[in-house]
Amino acid sequence: MDRWLGKTAIVTGAAAGIGEAITCALLQNGVNVVALDVQKEGLAKLDAECKRKGFPGVLNATYCDISCEDEIDAVFSHVETLGGVDIMVNNAGVCDYSRVIESNKKTFEKLLNINVLAVAVCTNKAVRSMRERNVEGHIFNINSVLGRHLLLTTNMPDFNLYPATKHGSVALTNVVRRELAALQVPIRITGINPGSVKTSITAHSETMKDYFEKVPYILPRDIADALIYALGTRPEVQVRSIVISSLINIGKLFYALLNCRLRSLPSSILESFHEEYLR
């Protein structure tokens, strides 16, 4: 990690959850961080907490709506005065718990704008900055296991276009990696795919709360640890993708995924199922 001391990172969605954990981990390792979010109160709390902990890295907490390209442009222009971005962390994400077939275009646009388009725009601008300065860079896209496969049960929360946007983010990560390899530039890109993380997104759903009672959740710091690991590998090492999931008993996982569905069965059948497969 020594080569990243004093370098500058941009982290989106930095005021809480995964973004906050990543920001703190980078600061702790001597990286200066421009932390972006629309939550002004959250940014203020983050700034106060980081000052209290006395991290060696310098925090620049900045309000930014990444769905607005003008605001992104302003951030990158400011970062150029700091020497340019060396690490780009596309973490910000939004979810919606309505069904696609009962939703609307406004909701679709919100999900696509934050989860896909903003990631593409920030990645584009970060790569441009890195290439112009001919420096080593690293881009991290915080994707999701839902960008790789869907949940097995129909009775988990409805995520609207969220899985579709994360499939798009995973594909974007792979496309950019191929483009960078073709240019033979010292810029790496890593996709981190968490499972169920205890954040404000998952806390919103009553079904997810029930799920977490049976399946251990992942903490934001687990994602931050994975990012620091990938960042610290030698420049010749390309960590393409990291999947982070809970280590649990398979029988309990199967039961947790199907639990809501099983509830609709007569109690006698449910008891028999439990005795046969989970005793």
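The values are calculated or read from the model by the stated rules, or taken from the named source; none is laboratory data. Since we're looking at a predicted model, the values are computed, not measured. Note: ideal-geometry Cβ built from the backbone for every residue, glycine included; neighbour counts use all protein chains shown.
Val116 versus (1) in contact (Cβ under 8 Å) with a residue 40 or more places away in the chain; (2) within 18 Å of the chain's Cα centre (by Cα); (3) not in a helix (DSSP H, G or I): which is the lone unmet condition?
Here Val116 meets the rest and fails (3).
May I ask you to verify whether Cys64 is surrounded by fewer than 15 Cβ atoms within 10 Å (Cβ to Cβ) and at pLDDT 95 or above? Steps first, please.
Details: surrounded by fewer than 15 Cβ atoms within 10 Å (Cβ to Cβ): no; at pLDDT 95 or above: yes.
In short, no.
Considering only residues that are surrounded by fewer than 20 Cβ atoms within 10 Å (Cβ to Cβ) and basic (Lys, Arg), which ones fall in the range 95-143?
Arg99, Lys105, Lys106, Lys110, Arg128, Arg131, Arg133
Report the residue count in the range 28-50 for those that are surrounded by fewer than 22 Cβ atoms within 10 Å (Cβ to Cβ), in contact with a Leu (Cβ under 9 Å, 6 or more places away or on another chain) and assigned to a helix (DSSP H, G or I).
Of the residues in the range 28-50, 2 are surrounded by fewer than 22 Cβ atoms within 10 Å (Cβ to Cβ), in contact with a Leu (Cβ under 9 Å, 6 or more places away or on another chain) and assigned to a helix (DSSP H, G or I).
What's the number of the condition Arg188 fails, among (1) of a type in the set (Lys, Arg); (2) part of a strand (DSSP E or B); (3) closer than 27 Å to Asp70 by Cβ?
(3)
Which one is nearest to Gly13 (Cα to Cα), of the residues in the range 220-235 that are in contact with a helix residue (DSSP H, G or I) (Cβ under 8 Å, 6 or more places away or on another chain) and among the charged types (D, E, K, R)?
Top of the filtered list is Arg221.
From Ile218, Ile228, Ile244, Ile201, which residue is β-branched (Val, Ile, Thr) and modelled with pLDDT of 95 or more? Spell out how you get there, then give the answer.
On the way: Ile218 fails: modelled with pLDDT of 95 or more; Ile244 fails: modelled with pLDDT of 95 or more; Ile201 fails: modelled with pLDDT of 95 or more.
Residue meeting the stated conditions: Ile228.
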